[in-house]
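Have a look at the structure that comes next, please.
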Amino acid sequence: MTLVATLIAADGALDTDSAERARALLPGAGAVQWLAAATAADIPFSAEGAADGSAAARLALAERLRAALVATDVVVQPAAERRKRLFLADMDSTMIRQECIDELADFVGVKEHVAGITERAMRGEIAFEPALRERVALLKGLPGTIADDVIRDRIRLTDGARTLIATMRRHGTYTCLVTGGFTLFSDRLAPAIGFDEARANRLLLDAEGKLAGTVAEPIFGKSAKLATLIELRGRLGLGKAETMATGDGANDMEMIGEAGLGVAFHAKPKVAAAAPARIDHGDLTALLYVQGYRKAEFVTAL
């Protein structure tokens, strides 16, 4: 089995010396293959001497390489089937920089309180579903149109979001935004980013078109994200190795674990520690480099 280590320096500080230093740590390493000058490179190497390329051995090698480099993300994986044909991504704090529910809470003066609950849920310290119901109850009375104001004034896409999705779709990948957030946001943001579809929770409205303080059941959480990955994989007739998923919170962990390549993106510690791959420094274009895309292949719009 041939493996490949992908090095990604977010600040454009990946030089030849750093790449060669990483290469020296890999068994049977081939020549460094540059994906983007000073930013990203692949180093193919042999699984022999690396516990036959087991997942644990790949993680250990990635950690060793990260320790030898400065502010550089490292992903080690099999060289075969790197370009994925199904991609699922979380929305809040992944494809966008904010947590939508926290921004909604600011309109009723409880952002700090709600953000604290959100953080604990995303760290896996409390169960997601009751935490979501508790936070949604605090939003009761907000106008149903409030999402328009939040998206316009507060929501910003994570760097590289549109390029990631446009490039993958140009090469035939099916993309789905999966979020424990709300359709009020995902129905607008998914097409704006370029996703094929989105799945999320639905906030209920009262007779006056205001938020009722409740969410439609069953709640779309970690099990639903996992189920969506399995469903779409089957519908598209794909193998596990052909799939990729990314997210930052505890409710993404099952989906990340089931994907052919699961990536923790600027994730909470528990998620980053458990994921097969992690991006701590780079933007979302890092997920293109780990698939072997060269910067010259990136597209910004379909």
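Return the subset of Lys268/Lys295; Lys84/Lys111; Lys84/Lys140 for which the Cα-Cα distance in this structure is over 30 Å, preserving the input order.
Beyond 30 Å between Cα atoms: Lys84/Lys111; Lys84/Lys140.
Antiparallel DSSP bridges in region 190-302: what percent, to the nearest 5?
Counting DSSP beta bridges with both partners in region 190-302, the antiparallel share is about 20 percent.
Right, here's the next one. Please figure out what share of the DSSP beta bridges in the chain is antiparallel and state it in percent, rounded to the nearest 5.
Antiparallel bridges make up about 50 percent of those DSSP assigns within the chain.
Among all the lysines, which ones have a C-alpha under 17 Å from Lys270's C-alpha, if same-chain residues fewer than 8 places away are not counted?
In chain and number order, the partners are Lys222.
Now a separate question. Note the angle between two axes, namely the Cα long axis of helix 161-170 and the longest principal axis of the Cα atoms of the chain, as a number of degrees from 0 to 90, rounded to the nearest 10.
The answer is roughly 70 degrees.
DSSP beta bridges in region 1-80, what fraction antiparallel, as a percent rounded to 5?
Of the beta bridges lying entirely in region 1-80, close to 100 percent run antiparallel.
Please work out the Cα center distance from region 153-228 to region 14-28, rounded to the nearest Å.
Between the Cα centres of region 153-228 and region 14-28 lies a distance of 39 Å.
Now for a separate question. Along the Cα-to-Cβ line of Glu125, 7 Å from the Cα, sits a label point; which residues in region 256-289 have backbone N less than 15 Å from it?
Of the residues in region 256-289, 268-271 have backbone N under 15 Å from the label point off Glu125.
Provide Rg and Dmax in Å for the chain, with only Cα atoms included in the calculation.
19.9, 67
Taking only C-alpha pairs under 8 Å that are 6+ residues apart, what is the relative contact order of the chain in percent?
Values: 606 pairs, mean separation 65.3, N = 302.
The normalised contact order for the chain reaches 22 percent.
For region 121-148 and region 47-96, what is the separation of their Cα centres, given in Å?
About 33 Å separates the Cα centre of region 121-148 from the one of region 47-96.
Follow-up question, since we're still on this one. Could you pull out every residue, at least 5 positions away or on a different chain, whose amide H is within less than 5 Å of the one on Thr158? Hs are placed 1.01 Å off N in the peptide plane, and Pro or chain starts have none.
For Thr158, whose amide H was placed from the backbone, the distant partners under 5 Å are Ile96, Arg97.
To the nearest 500 deg cm²/dmol, what mean residue ellipticity at 222 nm is calculated for the chain from DSSP H runs of n ≥ 4 alone, each contributing -39,500 (n - 2.57), summed and divided by the residues?
So the helix-based figure for the chain works out to -10500 deg cm²/dmol.
Read-outs throughout are calculated quantities, based only on the coordinates presented, and are distinct from any laboratory measurement. All figures in this text were calculated on a predicted structure; none of them were measured in a lab. Glycine gets a Cβ as well: all are built from the backbone with ideal geometry, and neighbour counts include every protein chain shown.
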